[in-house]
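Report on one structure; see the data block that follows.
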Amino acid sequence: MKILVPVKRVADPENANKVKVAPDGSRVTTDGLEWKINPFDEYAVEAALRLNENAKSAERLGETIVASIGGKDAAQTLRQTLAMGADRAVHILAEDDALDSFVVARALKAIVDKEQPDVVVMGKQAVDGDSNTAGQILGELLGWPVASFAASIETSDGGKSFIVGREVDTGVLKVKITAPCVITVDLRIVAPGSVKNGATPAEHAYGEGARYASLKGIMAAKKKPIDEQPLAGLGVDVTTTTKYTKFELPPARKGGAKFVADVNELVALLKSEAKVL
Amino acid sequence: MTDILVIAELLDGKARKTTHSAINLAKQIAAGTGGAFDVLAIGDGAKAAAADLAGFGARKVFATQIDGGYVAEKYASTIAALGKGYGVVTVTASTYGKDLAPHVAAKLGAGVASDISGVSVEGGTLTYKRQMYAGNVFGFVQLTTAIAVVSPRQAEFEPAQPSGGASPVEDYAAAAADAAAARIEFISLEQTAKSARPELSEAAVVVAGGRGLKSADGFTNVLGPLVDSLGGAMGASRAACDAGYIANDLQIGQTGKVVAPKLYIAVGISGAIQHLAGMKGSKVIVAINKDKEAPVAQVADYFLVADLFKAVPELTEAIKKARA
Ligand SMILES: Cc1cc2nc3c(=O)[nH]c(=O)nc-3n(C[C@H](O)[C@H](O)[C@H](O)COP(=O)(O)OP(=O)(O)OC[C@H]3O[C@@H](n4cnc5c(N)ncnc54)[C@H](O)[C@@H]3O)c2cc1C
Ligand SMILES: Nc1ncnc2c1ncn2[C@@H]1O[C@H](COP(=O)(O)O)[C@@H](O)[C@H]1O
């Protein structure tokens, strides 16, 4: 099947506590931080690759296209996913500050209209803005059904439908969704047995997490095409719905940890000082 | 003046507590702008749930019965049809609300402020406070659209208490489902076994375990007694959930549940950024870890450097004694 995977470049999430705010509060600054692929999008790429391969024979079963909307440097992120095994990339050039989930979803819709994928597999949330909205909005704009927070995907009806296990607060909500559709993925989609496509033998166990690019993959990625075009060229409405008036760092927790000698001291402090017992 | 529509979250035919947090937000906005709020109970068992929600001071409570399980494609059209008469539509930032809100927003051409932890009203303008970058930045956002769709965090909005009185309850006819509903079908909701402990997002004490507990047995037999000695809820890190020590729905963090109890005890949890995002709003934080350099020290008030397999049973006994 043909799968589109939108991916976003974000400031290194492992060092999110080093993010700063400009003195006037007008913007978030990420100076000194590396840029990484949004982890949920990396998982989405992994899920798409698993759907589109026979892991035993290494046969490819369909095309996986990655797409990013962002500045020049987003090309590096696209290259990284091409090295993982995606086939080609679309890069919509735009300033990150000019985007919100609606602009992103409209741009993605334009890509979908052109590429006509069977499925869009994407992250449930970009970990910079932590919005968790673009996938559902895209589904609405396309008139496609959406299975969000997928922790498992199993193809059925010869690849036309999917049984998706959605991870929800109270357990697992299973839906059957039929292409064309949008699936947004949660963390556990990259557990060893989370994706079953009928071609890869059921007993095949993937490693934990997303695959690394092999050296061969990295070399191959250099030759794979990235179709680059400006956001303005898509002809979509670029008005945003959000206006951030200021940013602040959260107040630091006071003090820092008080190291206690033993259980007795801990209980005494919880009782007399913290007054929580 | 802003009128607000609260979407109740139903489970097994009852409104979940999350609904009461959304009502709290609605009351704040109504008070700040001189508006009123209504509630929509939608789903299976909507009528009974609506009756239960009539005591919270809403101008009106609507009920829309929709059979079968939840998929957004069957709910969003009705919510949007009713919601277009309001300035704000709100549903709590549970997985239900996070899934549903953007669907409704797209239909209404409304902006979304998801997972908010506060609201302020100034001259009729609403500004929402949101945590971004795993809780490392607060963003203050306004929506430039006529209607706003907002999902408040349960941990940041105390559940509204019944205020007496009885709002009129009215049936609201379901709108036609989306065409896309023909391509998505609810199969089942496999709920995790109900525990006798309080719900994670509502507990005053949360004791969470990490990879350091080493097994499911560690959670049951080492952590469990400590949880119960405090009458608390059990939580976990992602690593513990991924390893299968404990149910996934007890994961706390950026991608799990957000909690803000009076007392949080992190046992054998290193304190990765994504975990801290879900618990650093707790009032008092205790860490038990054999590594004194573990990053959880950045947010802990008290830190016991110890082997948890020795310290936790001792602590359980000491707490039993202290509370006896
Ligand atoms: C996109 C993304 C989202 C994520 N979301 C979440 C999330 O929502 N929630 C979450 O928790 N994580 C999340 N994570 C994972 C996170 O980065 C960490 O990997 C995870 O929190 C680590 O869990 P842990 O602390 O249990 O394990 P570890 O980091 O392995 O820590 C185990 C700790 O136990 C201590 N320990 C071991 N044995 C003992 C002993 N006998 N006595 C005392 N102490 C002991 C060790 O010193 C160590 O500090 C996310 C990651 C990504 C990429
Ligand atoms: N600038 C972008 N380019 C490509 N995909 C994006 C972009 N922003 C968001 N997305 C996709 O939308 C998902 C949800 O993002 P969000 O709604 O911002 O949390 C992400 O996981 C990505 O798959």
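The values are calculated or read from the model by the stated rules, or taken from the named source; none is laboratory data. Fair warning: this is a prediction, and the values are worked out from it, not measured in the lab. Glycine gets a Cβ as well: all are built from the backbone with ideal geometry, and neighbour counts include every protein chain shown. The accessibility values were calculated without ligands, DNA or RNA, using every heavy atom of the protein model including side chains. Shrake-Rupley method; radii C 1.70, N 1.55, O 1.52, S 1.80 Å.
What to note about this one:
- Reach of B:K84 by Cα under 18 Å, taken over lysines that are not fewer than 8 positions away in the same chain: B:K60, B:K74, B:K107
- Placing +1 on the Cβ of every Lys and Arg and -1 on the Cβ of every Asp and Glu, with nothing else charged, gives the stretch A:72-168 a dipole about its Cα centre of roughly 260 debye.
- Beta bridges by DSSP in chain B, antiparallel share as percent, to the nearest 5: 25 percent
- Measuring r between the beta carbons of A:D118 and B:K290 and using R0 = 41 Å, the FRET efficiency lands at 0.25.
- When chain B is treated as a GNM with alpha-carbon contacts under 10 Å, the residue of B:N248, B:N289, B:N221 showing the greatest mean-square fluctuation is B:N221.
- Once the Cα atoms are used to define both axes, helix A:101-115 deviates from the longest principal axis of chain A by about 20 degrees.
- Peptide B:294-307 - average C-beta neighbours from other chains (10 Å radius): 5
- Positive-pole candidate from A:A261, A:N54, A:L187, dipole of chain A, charges at beta carbon: A:N54
- Most positive-pole-ward Cα, B:I269, B:S188, A:G139, against dipole of the protein assembly as shown from beta carbon charges: B:I269
- Local electrostatic count, A:E63, Cβ distance below 13 Å [Lys/Arg +1, Asp/Glu -1]: 0
- Between B and A, accessible area buried - total, square angstrom, nearest 100, 1.4 angstrom probe: 7100 Å²
- Unit charges on C-beta of K, R, D, E only; dipole of the stretch B:110-203, Debye: 280 debye
- For the stretch A:2-251, a simple Cβ point-charge model (Lys and Arg +1, Asp and Glu -1, everything else neutral) yields a dipole of about 520 debye relative to the Cα centre.
- Given their separation in residues at 0.36 nm each and the Cα-Cα distance between them, B:A175 and B:R59 gain 39.6 nm when the chain is fully extended.
- Reach of A:K224 by Cα under 15 Å, taken over aspartates and glutamates that are not fewer than 8 positions away in the same chain: A:E63, A:D87
- Mean-square fluctuations from a GNM of chain A, with a 10 angstrom spring cutoff on Cα atoms, peak among A:T81, A:T200, A:T239 at A:T239.
- Between the stretch B:201-263 and the stretch A:159-206, the Cα center-to-center distance that results, in Å: 26 Å
- Residues whose placed amide H lies under 5 Å from that of B:D115, excluding near-sequence neighbours: B:S151
- Taken per residue, the accessible surface of the stretch B:200-323 reaches 35 Å², heavy atoms only and a 1.4 Å probe.
- Annotation: B:R238 carries an accessible surface of approximately 80 Å², with a 1.4 Å probe and no ligand, DNA or RNA atoms counted.
- Among the residues of B:119-125, the average count of other protein chain beta-carbon atoms within 10 Å of the residue beta-carbon is 0.
- Candidates per trypsin sites (Lys or Arg not before Pro) in the stretch A:40-95, loop by DSSP, up to 12 other Cβ within 10 Å: A:K56, A:K72
- In order along the stretch A:197-204, the phi-based Karplus estimate (6.51 cos²θ - 1.76 cosθ + 1.60, θ = phi - 60°) of 3J(HN,Hα) comes to 10, x, 9, 5, x, 4, 7, 5 Hz; Gly and Pro are listed as x.
- Between A:K72 and A:E34, the C-beta separation translates, for a Förster distance of 22 Å, into a calculated FRET efficiency of about 0.85.
- At 0.890 mPa s and 25 °C, Stokes diffusion of the stretch B:200-323 via Kirkwood alpha-carbon radius, µm² per second: 178 µm²/s
- Approximate spin-label separation A:A261-A:S214, in nm, with each point projected 7 Å along Cα-to-Cβ: 5.9 nm
- Inter-probe distance in nm under a simple model that places probes 7 Å from Cα toward Cβ, at A:A232 and B:A51: 6.2 nm
- Computed with a 1.4 Å probe over protein heavy atoms only, the accessible area of B:K292 comes to about 120 Å².
- Links that overshoot a 29 Å alpha carbon limit, given the list B:K194/B:K320; A:K8/A:K246; A:K258/B:K27: A:K258/B:K27
- Using the Karplus relation 6.51 cos²θ - 1.76 cosθ + 1.60 with θ = phi - 60°, the per-residue 3J(HN,Hα) values for the stretch A:16-23 come to 4, 6, 9, 5, 10, 10, 4, x Hz, with x marking Gly and Pro.
- Hz values of 3J(HN,Hα) by residue in the stretch B:150-161 - Karplus curve (6.51, -1.76, 1.60), Gly and Pro given as x: 10, 10, x, 6, 4, 5, 9, 10, 3, x, 5, 9
- Proximal aspartates and glutamates to A:K72, defined as alpha-carbon separation beneath 16 angstrom and excluding residues fewer than eight positions away on the same chain: A:E34, A:E95, A:D96, A:D97, A:D227, A:E228
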